[in-house]
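For reference, the structure is listed below as structure tokens.
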Amino acid sequence: MTRAWVLPMLFGFCGSAVAAGLILRGSPGAAAALLLVFVLLAGVNSPLMFPRSIGALEAERRSAADGRPVVFWRPGCKYCIRLRIRLGRSARQLHWVDIWRDPAGAAAVRAANDGNETVPTVLVAGRPHTNPDPAWVREQLLPSA
């Protein structure tokens, strides 16, 4: 669980250190702007940006019941962040599994990707799709006509 917070904490620490240096040099405005950028980077890379994760077995059970896709992800993954941002509010309709917190989720991703933990891996109707286009994922949420 702590591994998910390493990158956001690193952004926060580095931003604070650089901002402190800028303040000591007499540039409080630049320090505030730079600190804001680092805080935003920390937020985007934190697990807080993603909907609440559940276990892989529970996600697959829910997906079988409601037909919504399962997204396997991990904190700090730029492709996962891209998918989350581009999905917008519809991301909350998906079932999210953090593979760093769930060994069964990591195993499912390795099984789908020749032993690699390549994320995001989206499971739609029991079939895995590695790093799919966010527009395609959004289409999978639309009810069948």
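At-a-glance table
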item: Those residues of the range 6-31 which are aliphatic (A, V, I, L, M) and under 21 Å from the mean Cα position of the chain (by Cα), in sequence order; result: V6, L7, M9, L10
item: Filter result for L94 (buried (at least 18 other Cβ atoms within 10 Å of the Cβ), assigned by TED's automatic domain parsing to the domain that holds F11, under 25 Å from R3 (Cα atoms) and at pLDDT 90 or above); result: no
item: Tabulated pairs, the range 1-18, first under 11 Å from G76 (Cα atoms), second basic (K, R), C-beta under 8 angstrom, 6+ apart or interchain; result: A4/R74; A4/R101
item: Sole residue being outside the structural domain of G12 (by TED's automatic domain parsing), touching a helix residue (DSSP H, G or I) at 6+ places or on another chain (Cβ under 9 Å) and touching a residue at least 12 places away in the same chain (Cβ under 8 Å), chosen from R84, R62; result: R84
item: Members of the range 47-60 that are loosely packed, with under 14 Cβ neighbours inside 10 Å and either in contact with a strand residue (DSSP E or B) (Cβ under 8 Å, 6 or more places away or on another chain) or within 13 Å of A108 (Cβ to Cβ) (or both); result: R52, L57
item: Flag for G76 being farther than 21 Å from N131 by Cα, modelled with pLDDT under 95 and crowded, with 16+ Cβ neighbours inside 10 Å; result: no
item: Residue match in the range 8-25 (condition: at pLDDT 90 or above and assigned by TED's automatic domain parsing to the domain that holds T121); result: no
item: Filtered residue count, the range 116-133, keeping only those that are surrounded by 15 or more Cβ atoms within 10 Å (Cβ to Cβ) and in a strand (DSSP E or B); result: 7
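The values are calculated or read from the model by the stated rules, or taken from the named source; none is laboratory data. This is a predicted model, so every value here is computed, not measured. Glycine gets a Cβ as well: all are built from the backbone with ideal geometry, and neighbour counts include every protein chain shown.
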